[in-house]
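Just below is one structure, and these are the notes that go with it.
Since every read-out is calculated from the coordinates, none of them should be taken as a lab result. The structure presented is a predicted model; accordingly, all values stated were derived computationally and were not measured. Every residue, glycine as well, gets a Cβ built from its backbone with ideal geometry; the counts of neighbours run over all protein chains shown.
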Amino acid sequence: MANNNLFSDFEAVSSKQWKQQIQYELKGADYNETLVWESPEGIKVKPFYHNDETAINLDAIVPTKPFAIVQNIFVHDFQKSNARALETLQRGAESVRFTLENDAVSIEELMQNLPLENVNYYFNLPFLSVEFTNKINDFVSKNKVNICIQIDPIGQLLKDGNWFDNLEKDFEKLNAIASKSTVPFLTISSGIYQNAGANIVQQLAYTLAQANEYFNRIPAINQPITIEVTVGTNYFFEIAKLRALRLLFNTLAAEYNHNFDCHIIATPTKRNKTLYDYNVNMLRTTTECMSAILGGADAVANLAYDAIYHKDNEFGDRISRNQLLVLKHESYFDKVNNPADGAYYIETLTEQLAEKALELFKDIEKNGGLISQLIDGTIQRKINESAQKEQELFDSGKEVLLGTNKYPNKNDQMKSDLELYPFVKQNARKTLITPIIEKRLAEKLEQERLNNEVI
């Protein structure tokens, strides 16, 4: 019979022995200078990790169900949005996120003939209306459908610079919704931090501080909170980021006797996406979706390869959805629960990111909390500093985006193909705070190339 203990005949190799062998192979070169590198978060990454140096016992909290494939749909025309939702569900999507233009939307018309069982629907509201959320609750109670409302006044403040109304009125409405809502209604839109250039520790700490503002100001949160996360390109760090986020959120929630796990929706970042050699964006989003899945995201909404310069289109949607279908049904990413468990490198990163984020979170709270630090500009300044460091790495060629600042195709022409303006727009207007601006690394370089194109 086969011996299950396959390696019992081999003598274990300690971390000390590994280091000695590595030092020998380096032929006198310094171990730390040659093989140890430091991340933007201040984490020193070693060339190997060993169980005799890893005394970590993280109780990983991961979803019990496989990740769901989410299709984003902006609702402008009820009938067209309804038809598109039905088609995408037939083609492999498992959840639909409707972003509603205003509160004039007819929920009955939008949901007509859509399957009500085994499908999650998200209603992303860029407005704050107690009456409209009551309508959604009524629809849910009548039709027994899984709907999650997404409202985030702090996210509105981050993006726009202003509240929906003002701080007092917004939280008065949120408390009114919390007292009656039977469905999840609160979202933390943390993706803006990553897209604006915050490092991973900042992303985690600001997300936690945002959650703490809601816990403090809305005592009766009796439903799960949705967290929208943007996933960057640092593969293993991003896996650890999602694991650390769940660990930190549940630690904080326990202090408020909130017993619901957070619901994480992950989307690839826009920050490293490029206008030129745009097909490389598909490779970037694939690895970013992989990080999200392995990190334990509940749902993944992919970013189309042409999303930064094309309006929503069937081809881009189909390709982005197929990437997730391949990962789920052909690469079997849905078959193993918590696949990163026991990986010494990822476990170590998770612990270090969580510890550093918790330290920063405590500093934010000691200095008045997230909203206070947004008003005085501290958060914006810290994000800008982090973004500038990354921008300098890109401008110098140390951070590479293939086809853009490395091996560019000089014959690539894009000016005539633009349907969307792919660069930051800033309009002069009065705001309560300086908005947090999302910006891609390649914007300056791409703008220069566009200006030199001859049509």
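Residue-wise HN-Hα couplings along segment 195-204, as the Karplus relation 6.51 cos²θ - 1.76 cosθ + 1.60 with θ = phi - 60° gives them from phi, are 5, 8, x, 5, 6, 5, 4, 5, 4, 5 Hz; Gly and Pro carry x. The alpha carbon gyration tensor of segment 304-357 gives principal lengths a ≥ b ≥ c with a/c of 1.5 or higher and a/b no greater than b/c, which makes the shape oblate.
Each Lys and Arg contributes +1 and each Asp and Glu -1, all at the Cβ; summed about the Cα centre of the chain, the dipole is approximately 440 debye. For segment 387-435 versus segment 245-319, the spacing of their alpha-carbon centroids is 20 Å.
Scanning residues 5 or more positions from residue 148 or on other chains, those with amide H under 5 Å from its amide H are 121, 122, 123, with H placed 1.01 Å from N in the peptide plane. Between residue 396 and residue 31, the simple spin-label model (points 7 angstrom out along Cα→Cβ) gives 2.8 nm.
Using the empirical formula 2.2 N^0.38 Å as the baseline, the Cα radius of gyration of segment 102-242 reaches a ratio of 1.12.
For segment 86-116, the residues whose amide N sits under 17 Å from a probe point set 7 Å from the Cα of residue 326 along the beta carbon direction are 92-93. Computed from the alpha carbon atoms alone, the convex hull of segment 1-156 holds 269 Å³ per residue. Both radii are taken from the alpha-carbon atoms of segment 256-415; with Rh as the Kirkwood radius, Rg/Rh is 1.01. Here the label points at residue 80 and residue 106, each 7 Å from Cα along the C-beta direction, are separated by 1.7 nm in the simple model. Under 28 Å Cα to Cα from residue 144, which lysines show up? Leave out anything in the same chain fewer than 8 places away. Candidates past the 8-residue exclusion: 65, 80, 135, 173, 180, 328. Computed from backbone phi with θ = phi - 60° and the Karplus coefficients 6.51, -1.76 and 1.60, the 3J(HN,Hα) list for segment 206-213 is 5, 5, 5, 5, 5, 4, 5, 4 Hz; x is used for glycine and proline. Mean sequence separation of contacting Cα pairs (under 8 Å, at least six apart), scaled by the length of the chain, corresponds to a relative contact order of 17 percent. Amide H to amide H distances under 5 Å link residue 74 with 99, where only residues 5 or more positions off or on other chains count and H is placed in the peptide plane. Eigenvalues of the alpha-carbon gyration tensor of segment 102-179, scaled by 5 and square-rooted, set the equivalent ellipsoid semi-axes at 26, 13, 11 angstrom, largest first.
For the chain, what is the percent of antiparallel DSSP beta bridges, rounded to the nearest 5? Walk me through the intermediate numbers first.
Details: 2 of 33 bridges.
In the chain, DSSP labels about 5 percent of beta bridges as antiparallel.
Ranking 405, 436, 387 by Cα position along the charge dipole of segment 375-438, where only Lys, Arg, Asp and Glu carry charges on their C-beta atoms, puts 436 farthest toward the positive end. With a Förster radius of 25 Å applied to the C-beta separation of residue 425 and residue 313, the computed FRET efficiency comes to 0.70.
The ellipsoid equivalent to the alpha-carbon distribution of segment 377-445 has semi-axes of 27, 19, 6 angstrom, derived from the gyration tensor eigenvalues as √(5λ) and listed largest first.
Only one item in (i) 172; (ii) 143; (iii) 191 matches volume of the Cα convex hull per residue in Å³ derived from the coordinates shown, and that item is (iii).
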